[in-house]
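Taking it in order: structure first as structure tokens, then the write-up.
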Amino acid sequence: MTILQANKIHKTYGNKFNKHEVLKGLDLSIERGEFVSIMGPSGSGKTTLLNVLSSIDRVTRGTINIEDHEITAMKEKKLAEFRKHHLGFIFQEYNLLDTLTAKENILLPLSIANVSKKEATIRFDRLAKELGIYEVKDKYPNELSGGQKQRTSAVRAFIHEPSIIFADEPTGALDSKSASDLLDKLSDLNDKLSATIVMVTHDMTAASFSNRVIFIQDGQIYTQLTKGEQSRQDFYKDIMKTQGVLGGVQQ
Amino acid sequence: MSIQKLILRNLRNNLKNYYLYVFALIFSVALYFAFVTLQFDPAMNEAESSVKGAAFFRTASIGLIVIVGVFLLYANHIFIKRRSKEIGLFQLIGMTRNRISCILSVENFIMYFGSTIIGTFLGFSASKFIMMILYKVTQVNETASLHFSWAALIQTLIVFTLIYVLIMFTNYLYIRKQSILSLFRVQSSTENQVKKMSVFEMVIGVVGILFIISGYYLSSKLFGGDFTSITEIFLAMVIILGLVILGTYLFYKGSVSFIMNLIRKQKGGYLNINEVLSLSSLMFRMKSNALLLTIITAVSALAIGLLSLTYITYYSAEKTAENYVSSDFALTNQDSGSQFKAALDAENIAYSERTVDVIQAELNVKDILDVQLEGLNFDPNKMTLPIVSDQDVKDVNVSPGETYLAGYANMLQNFMPLHDRGEVEIIGKESQIPLKYQGMLDEPIISSYFTNGGLPVVVVDESDFKQLQEDRNEGIQKSSSIFIGVDISNHGDIKQANEIFNDMEEKFMERSPHFASQLNTSMNQKQNMGLSMFIVGFLGLTFLITSGCILYFKQMDQGEEEKPSYTILRKLGFTRKDLLRGIKTKQLFNFGIPLVIGLLHSYFAVKSGWFLFGTELWTPMLMVMGLYTVLYSIFGLLSVQYYKKVIKEAL
Ligand SMILES: Nc1ncnc2c1ncn2[C@@H]1O[C@H](COP(=O)(O)OP(=O)(O)OP(=O)(O)O)[C@@H](O)[C@H]1O
Ligand SMILES: [Mg+2]
């Protein structure tokens, strides 16, 4: 079942005289419960794509549907409402409010959605234990390690049971051990809760945790790889090959 | 890009961002220039000499320089810190520090002296208006006309050039001290302050509140009789001041976060958007500004307090004059009385007359005194008071053996509270007259000449009065023992009568120097107080605006610092409206806490001693406080507008 459907999306930056088209009529569809990675050279428009898919930025042309809501047609207030209930976010940094403790940060999405305090605590306890941050729940972000911070953001992204979770280089600031820790947990949650995850990454190892990798170039989908039944190691090799063909930086 | 272009571009950006700084600068110059113009105006000589204000003016202009100077230096410090990244970048691309200092100086020069010129213009136009206010409050009947004064202009230019040089010098030092790395790091220094609350901080928090409360408590006892000698009272004042100021500092340092922490604990991690934006941010940021906030609070409290007290005096001038003079005109000599009355008759001015015989006698008041006073200048066994007969007091009838005390001024009432009933004793030369004290009469019967400036008047029955007259102690009698009060029947005639009275002053003087006119007394007080009020108000206003600006600048910084948080919150699905609501709550506290603490401080300060200044507490004090609150809120509202912009740009 399709949860996200993007049709011919265009995104242009700049003004009349100095146009820069980053996305050029891109089509994309994501199934419920999928874990999708988006890869591509630097400057190819990955962040831009993620931002428009997640309603943080607007497309210039084209439509995006999430769970049969056409988010490209919504007004700002409705969009905020939509994000509140249906979307979760994890970013590379600036994920957490530095004046709130880990627990307070995590419970934020529930407090906007008016979930009862009791229910909130139950969900928090379960997820926080799962991701191993229960012990540090009363610490402030600057007292946490990078990995703990990102796992905290992950819990926050999952806690209100959103339809789809967007992650922009969540492992970008982590060492490889903490990175695979986090990804392990993510794919775990993806399995258990059948949560849909869309993740932008530079890191091939990170990408190999997902079910499908989409390569972007020139504002279009260049190619896609599906993991299928193969092992993570084999998938990793596939990704490496494609990445080699694609090259480093967008011209 | 050439240096000129760079400077111009920076300047444009600065003007956009720091319009309030430029405004404050213009305002400071305008205010100072207006003030100095006033000081140098020839017309002022008269006003000054009539109220002996020259020294006052000079002190005030120094005070003005200090406030403005400190403000400008501090504001500059905030701004150079904000631009540290830019400065670091210049250095990174190979500009020397001297070159950067130079660019900054030129940039500032244009902004600074541009504002000075505009400020001077505004100041000159405003000075006429300010002069009118001054005339109004000091009751000088002249139309304000002003002349441009070169001396004022030169003085203003010198003062602001000096401040400019000082600012540039501190900038130079600042840049010299910094390495490229540290310049980049400056802005993220607050992050380190976010930590769990330690026990020490909790203790500080509790102690802070205790200090303030005990300071308030002491202040309410200050003139209540617990401190009886001047040294004791003075010592108590110093202790109160110390407790309150230190308490305020600890309050900002610990109590705010302590209280917020308590509230937060209760929420169990489940915070709504208002709490996220206000509680959590205030907890950490107020602490780091504790010193600044303490200074702002203390000086605002001082300003509000002084302004309230001077206004109380001003406001109560008529009432005080009534207490002191007790009739429209008071004389203490029969011949002077007849002469004055004849002059009134000649002008067909209707009046009524009261003549009161006054004997001075010692009174034993020990029994009715509520507290035991030691060390103060009198002996409760033998208090010298004026005695009058009930026949001379309208609508009062005292039975033999009884007595009332009248016209007991506010101030004394606070210094030496009396019981409602009790025994007193008039001590004559030979014998004593025991009397039953029946209570107080709220009416000044005779002028302050007889009451030594506000002691109560003892009203007794005619028979007791007669007895005392026979047995009076000549040693303590005043040179006059008769009070002649003349009340003008028609209120509209008082001015004319007062002129007649003033014309006759010399003749009165030959006979007895103790005469008074209520109108003169109240005008005198109004003039004196009007000038103090004007100057305190002027300084207070300047301080209010400068400190408001500083709080606003701090909020600008905070807004930028918290911008990433707003980004996260908006991504999570909070709308701009949600955030703005939270910000409003936050600003309510950010501006409200220092304001409320400042108001409380000044309230308790005024409350402890206002009766020394006048007869009316609430109206004048509330008016001053209300005005202050309104002006202060403007800065809070401006900061909310700024946050609105930050929130909008956050996503
Ligand atoms: N706000 C913007 N205004 C103008 N141009 C932009 C803006 N954001 C991105 N771009 C341009 O769009 C292109 C794609 O940017 P984007 O951030 O999506 O790349 P990316 O694939 O995420 O790169 P990286 O892997 O380096 O993060 C870049 O050329 C960038 O310069
Ligand atoms: Mg990117």
Exercise. Have a look at A:GLY14, A:GLY40, A:GLY45, A:GLY62 and point out the one that is under 22 Å from A:PHE215 (Cβ atoms), touching a His at 6+ places or on another chain (Cβ under 6 Å) and of a type in the set (Gly, Ala, Ser).
Key: A:GLY62
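Residue check: is B:MET260 within 28 Å of the chain's Cα centre (by Cα), crowded, with 20+ Cβ neighbours inside 10 Å, within 14 Å of another protein chain (Cβ to nearest Cβ) and of a type in the set (A, V, I, L, M)?
No.
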Self-check item: Selection from segment A:36-76 of residues that are assigned to a loop (DSSP other than H, G, I, E, B) and either more than 12 Å from ligand 2 (Cβ to nearest atom) or among the aromatic types (Phe, Trp, Tyr) (or both)
Solution: A:SER54, A:SER55, A:ILE56, A:ASP57, A:ARG58, A:VAL59, A:THR60, A:GLU67, A:ASP68, A:MET74, A:LYS75
Quiz prompt | A:PHE82 vs. criteria in contact with a Lys or Arg (Cβ under 6 Å, 6 or more places away or on another chain) and at the interface with chain B (Cβ under 10 Å from one of its Cβ atoms) | solution = no
Self-check item: Criterion violated by B:VAL630 - all others in (1) of a type in the set (Val, Ile, Thr); (2) part of a helix (DSSP H, G or I); (3) away from chain A (no Cβ under 14 Å); (4) touching a residue at least 40 places away in the same chain (Cβ under 8 Å) satisfied
Solution: (4)
Self-check item: Top-ranked residue of segment A:54-69 - restricted to ones that are more than 13 Å from every other protein chain (Cβ to nearest Cβ) and within 21 Å of B:LEU572 (Cα to Cα), ranked as nearest to ligand 1 (Cβ to nearest atom)
Solution: A:VAL59
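With A:LEU87, A:LEU79, A:LEU28 as the choices, which residue is more than 16 Å from ligand 2 (Cβ to nearest atom) and either closer than 18 Å to A:THR201 by Cα or among the hydroxyl-bearing types (Ser, Thr, Tyr) (or both)?
Testing whether each residue is more than 16 Å from ligand 2 (Cβ to nearest atom) and either closer than 18 Å to A:THR201 by Cα or among the hydroxyl-bearing types (Ser, Thr, Tyr) (or both) leaves just A:LEU28.
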Exercise. Please find, among B:LEU539, B:LEU579, the residue that is modelled with pLDDT of 90 or more and within 24 Å of B:PRO594 (Cβ to Cβ).
Key: B:LEU579
Quiz item: Exactly one of (1) buried (at least 19 other Cβ atoms within 10 Å of the Cβ); (2) more than 11 Å from every other protein chain (Cβ to nearest Cβ) is unmet by A:SER111. Its number?
Solution: (2)
Practice problem: Go through segment A:13-30 residue by residue and tally those that are aromatic (Phe, Trp, Tyr) and either away from ligand 1 (no atom under 12 Å from the Cβ) or closer than 20 Å to A:ASP68 by Cβ (or both). | Solution: 1
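In the list B:THR575, B:THR567, which residue meets the criterion of being touching a residue at least 12 places away in the same chain (Cβ under 8 Å) and either within 14 Å of chain A (Cβ to nearest Cβ) or surrounded by fewer than 18 Cβ atoms within 10 Å (Cβ to Cβ) (or both)?
Every option except B:THR567 fails the conditions.
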Practice problem: Scan segment B:77-113 for residues that are over 17 Å from B:TYR18 (Cβ atoms), of a type in the set (S, T, N, Q) and at pLDDT below 80 and report the count. | Solution: 1
Practice problem: From (1) free of Cβ contacts under 8 Å to residues at least 12 places away in the same chain; (2) part of a helix (DSSP H, G or I), pick out the condition that doesn't hold for B:PHE227. | Solution: (2)
Quiz item: Going through segment A:31-48 one residue at a time, which ones are within 16 Å of ligand 1 (Cβ to nearest atom) and not charged (D, E, K, R)?
Solution: A:VAL36, A:SER37, A:ILE38, A:MET39, A:GLY40, A:PRO41, A:SER42, A:GLY43, A:SER44, A:GLY45, A:THR47, A:THR48
Quiz item: Taking only pairs six or more apart or across chains, which ones have beta-carbon atoms under 7 Å, a first residue in segment B:55-67 that is under 15 Å from B:THR37 (Cα atoms), and a second residue that is of a type in the set (D, E, K, R)?
Solution: B:PHE57/B:GLU48
Quiz prompt | Evaluation of A:ASP188 against (1) within 16 Å of ligand 2 (Cβ to nearest atom); (2) of a type outside the set (A, V, I, L, M); (3) within 21 Å of A:GLU34 (Cβ to Cβ) (one fails), failing number | solution = (1)
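Find the residue count for segment A:1-27, including only residues that are of a type in the set (Phe, Trp, Tyr) and assigned to a loop (DSSP other than H, G, I, E, B).
1
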Exercise. Name every residue in segment A:191-212 that is among the β-branched types (Val, Ile, Thr), more than 16 Å from ligand 2 (Cβ to nearest atom) and more than 19 Å from A:LEU131 (Cβ to Cβ), in order of residue number.
Key: A:THR205
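Can you tell me how many residues in segment A:114-150 are among the basic types (Lys, Arg), crowded, with 17+ Cβ neighbours inside 10 Å and within 11 Å of another protein chain (Cβ to nearest Cβ)? Write out each step before concluding.
Going residue by residue through segment A:114-150, those that are among the basic types (Lys, Arg) are A:117-118, A:123, A:126, A:129, A:137, A:139, A:149.
Checking the rest, the ones that are also crowded, with 17+ Cβ neighbours inside 10 Å come to A:123, A:137, A:139, A:149.
Going one step further and asking which of them are within 11 Å of another protein chain (Cβ to nearest Cβ), we end up with A:137, A:139.
Counting residues in segment A:114-150 that are among the basic types (Lys, Arg), crowded, with 17+ Cβ neighbours inside 10 Å and within 11 Å of another protein chain (Cβ to nearest Cβ) gives 2.
Every residue, every condition in (1) of a type in the set (Ser, Thr, Tyr); (2) out of contact with any Ser or Thr (no Cβ under 8 Å at 6 or more places or on another chain); (3) within 14 Å of chain A (Cβ to nearest Cβ), yes or no:
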residue: B:ARG581; (1), (2), (3): no, yes, yes
residue: B:HIS601; (1), (2), (3): no, no, no
residue: B:LEU612; (1), (2), (3): no, yes, no
residue: B:VAL624; (1), (2), (3): no, no, no
Exercise. State whether one or more residues within segment B:82-91 are among the basic types (Lys, Arg) and either surrounded by 15 or more Cβ atoms within 10 Å (Cβ to Cβ) or at positive phi (or both).
Key: yes
Quiz item: Since A:GLY88 meets every condition but one in (1) of a type in the set (Gly, Ala, Ser); (2) within 15 Å of ligand 1 (Cβ to nearest atom); (3) buried (at least 22 other Cβ atoms within 10 Å of the Cβ), which condition does it not meet?
Solution: (2)
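The values are calculated or read from the model by the stated rules, or taken from the named source; none is laboratory data. Every value quoted in this text rests on a predicted model; they were computed, and no experiment measured them. When we count neighbours, we look across all protein chains shown, and the Cβ atoms used for this are built from the backbone with ideal geometry, even at glycine.
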